[in-house]
Amino acid sequence: MESEGSDKDMVVTQISFGGFDSYVTAKELTEYLEDTIGLVWRCRLKTSSTPPESFPNFEINIDEIQRTDDYKKVEPHAFAHFVSPESVNCAVDAAGRGELFLNNQHLKVSLGPENPFRINQRRRTTTPFSFKDVCVEIGVLVSRAEFFVGWKGPATGVDFLVDPFDGTCKFLFTKDTAFSFKGKVKHAVIKCDFKMEFMVRDINEVSEYKDMSSLIVLLQLASSPLNLLQNS
């Protein structure tokens, strides 16, 4: 007897695209793919990489620094996560026939390594629950009426996902981030994807409140969430 959640229940719904111009946005690519292939759950476009011998500096105001873009960059590419696995087959077939063109540029498609343990590339047909444009604050509840905020996310652009596939909760957002170079005054400013992730089983308590305009949910965790940063 097979255990629940075996590889046979998994399907590929994420593929990578290349060949488009550097000025193409994730929104533009998403609109093209949805018009041509099928509904896209999430599209992450990558046009930069971490500069060699640099490190992110979150304490710098990016509006007050000297910037540089004199470092090696990567070819633009994107990771599109389709809602339906049939869309992946459609995209691969269309690319094989040479039918995918964006701004007169021939798009290249790659499924990536066929590894059943690559969660970001293989998942079951269950779609994550998605809450768009939420506000997130992390801190300590010192009493029933006092919450001390230690970190606050951006005012807009934060998505909250609850994924039944792997039992995780994720806060996702994009932010311009300064990277410092050793011994240099100038900084590189790169748009980065941030992810804060924790397991559903790490939630000790859930409380719900309402104000005049929104719903407030307080999650008490057993441990701090995992924080990840990746170039867009």
Criterion violated by ASP166 - all others in (1) closer than 26 Å to PHE55 by Cα; (2) of a type in the set (Asp, Glu); (3) in a loop (DSSP other than H, G, I, E, B) satisfied: (1)
task: Residue by residue through region 127-144, note down the ones that are surrounded by fewer than 13 Cβ atoms within 10 Å (Cβ to Cβ) and out of contact with any strand residue (DSSP E or B) (no Cβ under 7 Å at 6 or more places or on another chain).
output: ASP133, SER143, ARG144
Breaking point among (1) farther than 25 Å from HIS187 by Cβ; (2) in contact (Cβ under 8 Å) with a residue 24 or more places away in the chain, for LYS27: (2)
- request: Starting from residues that are aromatic (Phe, Trp, Tyr) and surrounded by fewer than 18 Cβ atoms within 10 Å (Cβ to Cβ), keep the ones in region 21-52 and report whichever is farthest from LYS132 (Cα to Cα).
  value: TYR23
Every pair of residues 6+ apart whose Cβ atoms lie under 8 Å, when the first sits in region 155-183 and is on the phi > 0 side of the Ramachandran plot and at pLDDT 85 or above while the second is surrounded by fewer than 16 Cβ atoms within 10 Å (Cβ to Cβ) and part of a loop (DSSP other than H, G, I, E, B): GLY157/ASP133
- request: Could you list all residues from region 81-126 that are closer than 18 Å to ARG44 by Cβ, loosely packed, with under 15 Cβ neighbours inside 10 Å and modelled with pLDDT under 90?
  value: SER110, LEU111, GLY112, PRO113, ARG118, ILE119, ASN120
- prompt: On the given criteria, is ILE138 assigned to a strand (DSSP E or B) and either in contact (Cβ under 8 Å) with a residue 24 or more places away in the chain or acidic (Asp, Glu) (or both)?
  reply: yes
- line: Residue count, region 175-194, condition buried (at least 16 other Cβ atoms within 10 Å of the Cβ) and either among the charged types (D, E, K, R) or under 22 Å from the mean Cα position of the chain (by Cα) (or both), comes to 10
- prompt: Taking region 173-204, which residues are in contact with a Gly (Cβ under 9 Å, 6 or more places away or on another chain) and under 29 Å from ASN61 (Cβ atoms)?
  reply: PHE173, THR174, LYS175, PHE194, MET196
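The values are calculated or read from the model by the stated rules, or taken from the named source; none is laboratory data. The model shown is predicted, which means the values in this text are computed figures rather than measured ones. In this analysis, Cβ positions are derived from the backbone assuming ideal geometry, glycine residues included, and neighbour counts consider all displayed protein chains.
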